[in-house]
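Here's the structure, in structure tokens; my notes come after.
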Amino acid sequence: MTKYLLNAACLSLLCVISVACGDAGMNPEGEDLNFDDPIIDEFLEDEVVEEELVEEEVVEEEVEEELIAPFDNDSAANPAVDEFLSITNTREIVYTDQISAENGDNEDFVQFELPNNSNPNQNIAIEIDCDVFGDEEVFARVDLFNVDGNDPTRINGGPIDCNEGEFRVTVRNDQVQLARIRVQGVPQEQTLIEYTLVVSPF
């Protein structure tokens, strides 16, 4: 009786040990199972890449929009500034604005008039300073005209370009003067130019 009880107790103990240790399972092909490699969801990766591309395109569009000067609807017939300059009142013009290319407002117009005296030829100083965002090979240029009625005549002299210091120009003080600020060159990318024009006759 004791022998049977001993056998039963041993079998029960073996069962308990087997259950406690568990079954190691089978790997009939002897594959090297690497549990360190993460499980990659290829579909999720594709979606993330697509979302990143869309975000990059949105950022590029926003940057390009920031480089577009808004249209201010000025023209030679309707300049942004029309000022009478004199020693006793407004002595100079300091005008700041933006132009851009290929898109946006690519030219501005500033008009001024000087007191007429016995000598119609008057020497004045013109300067334009610029910050260029985009293609730095382009810049702003000032064309200066004597306006006689509806027939503007371009004033002789070298080009008045950005960041080249003060230019001395002889104009006729018996006529209205018109300065046209425009983009010079062909940008290879959307480009914005922020400029300040200074006209100092006195």
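Residue by residue, here is whether (1) touching a Gly at 6+ places or on another chain (Cβ under 7 Å); (2) small (Gly, Ala, Ser); (3) farther than 13 Å from GLN111 by Cα holds:
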| residue | (1), (2), (3) |
| --- | --- |
| VAL138 | yes, no, yes |
| LEU144 | no, no, no |
| ASP148 | no, no, no |
| PRO152 | no, no, no |
| ILE155 | no, no, yes |
| ARG168 | no, no, yes |
| ARG172 | no, no, yes |
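Only one of these is out of contact with any strand residue (DSSP E or B) (no Cβ under 9 Å at 6 or more places or on another chain), modelled with pLDDT of 95 or more and of a type in the set (Asp, Glu): GLU164, GLU189. Name it.
Going through GLU164, GLU189 in turn, the sole match is GLU189.
Within region 159-171, how many residues turn out to be over 24 Å from the mean Cα position of the chain (by Cα) and surrounded by fewer than 18 Cβ atoms within 10 Å (Cβ to Cβ)?
6
Could you look through region 76-103, keep only residues that are surrounded by 16 or more Cβ atoms within 10 Å (Cβ to Cβ) and among the hydroxyl-bearing types (Ser, Thr, Tyr), and pick out the one that is nearest to the chain's Cα centre (by Cα)?
Filtering region 76-103 for residues that are surrounded by 16 or more Cβ atoms within 10 Å (Cβ to Cβ) and among the hydroxyl-bearing types (Ser, Thr, Tyr), the one nearest to the chain's Cα centre (by Cα) comes out as SER100.
Yes or no: VAL138 of a type outside the set (Ser, Thr, Tyr) and modelled with pLDDT of 95 or more?
yes
Tally up the residues in region 104-123 that are more than 22 Å from the chain's Cα centre (by Cα) and outside any strand (DSSP E or B), please.
7
Go through region 172-195 residue by residue and tally those that are more than 27 Å from ILE68 (Cβ to Cβ) and surrounded by fewer than 17 Cβ atoms within 10 Å (Cβ to Cβ).
1
Just wondering, is there one or more residues in region 92-103 that are in a loop (DSSP other than H, G, I, E, B) and without any contact (Cβ under 8 Å) to a residue 60 or more places away in the chain?
No.
The values are calculated or read from the model by the stated rules, or taken from the named source; none is laboratory data. What you see is a predicted model; the values in this text were computed from it and never measured. Virtual Cβ from ideal backbone geometry, glycine too; neighbours counted across all protein chains shown.
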